[in-house]
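Have a look at the structure below, then the notes.
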Amino acid sequence: MAEILDYTIVSIILLAIGIYGLTVKRNFIRMLFAVEIIVNAANLNLVAFSRLMPSPNATGQTFALFSIAIAAAEVAVGLALMIVAYRIYRNIDIKGLKRLSG
Amino acid sequence: MSDPYFITVSVITIASAIIALEFRELIYGAIALAVTLLGIAIFFVLLDATFVAMFQITVYVGAVVVLIIFTIMLVRREAWLRLDEGGRRRVMGAVIALAIIGLLGALLAASSIARWQASESVPTLMQIGEEMLTYYSPAFIALALTLAASVVGALVLAKVDRGKGRDKGKGEGEGEWDEEESSSGFERGGELEGERKESVEGEER
């Protein structure tokens, strides 16, 4: 049985990988991947604390379920935005989208 | 100490997260992302949260990754692969990532969670359902509305105006931004649409 420290370390590493992807990548879809990885690191933490706290309770799992649903909605909207941007600019390079800010 | 299952799953999860971000071909990146999400689901099973694991597999691997793969196939272009991130950007990203690992690791080392004793009691599915539908029921309702709104928003955003080419007259329901856009963006979008259709047909042949 792994302890809570192990799960937290894995979660921190995933968070760092996700933030690396968000800062470095210029491809919209890759940035979505990075966001997904960050959200999953958070979910892993929630569920790990929910089970391995000195007095386990179900709140962490409930929050993880909410978070998964929100992330799914976010991906749907993000991909739709990307399709619109691609239709207008023919590119999904983030640099090209700077023109959106006026 | 950690058991071998945990080590194996965490190595696979972290490695495929890196592959998802770094592999040149975007489709393989999406598949690596699916492997990462499956690894997280296995973590949930190891943590006795089987319902959350099932939810994770259904929603993420079943819906999100499939949606991403379809989108990649829909708007795929070779030029994406040649986006250069630049060495300096990459180095700065790695520095930020390492700084986050260092800071949060130091925070963990200073905290007392390493001495926590895990208890034997497991949160049950019944408890989850009870919490979700009693104390967190406002959040549950707000979540349902958010999901519905986001689905409608995604549909509206991704809608292709097919009537535009045939008759120039716009429908009454469309906003004024449409007129501004039609001069710059949407005509290019229209011809792009044609190009994409041609290329799809070409691939099928």
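The values are calculated or read from the model by the stated rules, or taken from the named source; none is laboratory data. For clarity, every value in this text was computed on a predicted model and none was experimentally measured. Cβ: placed from backbone, ideal geometry, glycine included. Neighbour counts: every protein chain shown.
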Does residue A:48 qualify as being crowded, with 20+ Cβ neighbours inside 10 Å, touching a residue at least 12 places away in the same chain (Cβ under 8 Å) and under 19 Å from residue B:10 (Cβ atoms)?
yes
If I filter the range B:70-79 for residues that are at the interface with chain A (Cβ under 9 Å from one of its Cβ atoms), in a loop (DSSP other than H, G, I, E, B) and modelled with pLDDT under 90, do I get at least one hit?
yes
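Return yes when residue B:112 is in contact with a Ser or Thr (Cβ under 9 Å, 6 or more places away or on another chain), surrounded by fewer than 12 Cβ atoms within 10 Å (Cβ to Cβ) and either free of Cβ contacts under 8 Å to residues at least 60 places away in the same chain or polar (S, T, N, Q) (or both) and no when it is not.
no
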Looking at (1) out of contact with any Ser or Thr (no Cβ under 7 Å at 6 or more places or on another chain); (2) more than 7 Å from chain B (Cβ to nearest Cβ); (3) within 29 Å of residue B:157 (Cα to Cα), which one does residue A:39 not meet, given that it meets all the others?
(1)
Filter the range B:144-154 for residues that are in contact with a helix residue (DSSP H, G or I) (Cβ under 7 Å, 6 or more places away or on another chain), aliphatic (A, V, I, L, M) and surrounded by fewer than 16 Cβ atoms within 10 Å (Cβ to Cβ); which is modelled with the highest pLDDT?
B:147
Could you tell me whether the range B:7-15 includes any residue that is within 17 Å of the chain's Cα centre (by Cα) and modelled with pLDDT of 90 or more?
yes
Over the range B:10-51, the set of residues in a loop (DSSP other than H, G, I, E, B) and either facing another protein chain (nearest Cβ under 10 Å) or free of Cβ contacts under 8 Å to residues at least 24 places away in the same chain (or both) is B:23, B:47, B:48, B:49
Evaluate the following for residue B:89: is it facing another protein chain (nearest Cβ under 7 Å), among the charged types (D, E, K, R) and exposed (fewer than 15 other Cβ atoms within 10 Å of the Cβ)?
yes
Looking only at the range A:77-102, and only at residues there that are small (Gly, Ala, Ser) and at pLDDT below 80, the one that is surrounded by the most Cβ atoms within 10 Å (Cβ to Cβ):
A:96
Selected residue [within 24 Å of residue A:74 (Cα to Cα) and surrounded by 15 or more Cβ atoms within 10 Å (Cβ to Cβ)] from B:128, B:101, B:141
B:128
Has the range A:61-76 got at least one residue that is at the interface with chain B (Cβ under 7 Å from one of its Cβ atoms), farther than 27 Å from residue B:104 by Cβ and not in a loop (DSSP other than H, G, I, E, B)?
yes
Does the range A:1-24 contain at least one residue that is touching a helix residue (DSSP H, G or I) at 6+ places or on another chain (Cβ under 8 Å), within 30 Å of residue B:156 (Cα to Cα) and touching a residue at least 24 places away in the same chain (Cβ under 8 Å)?
no
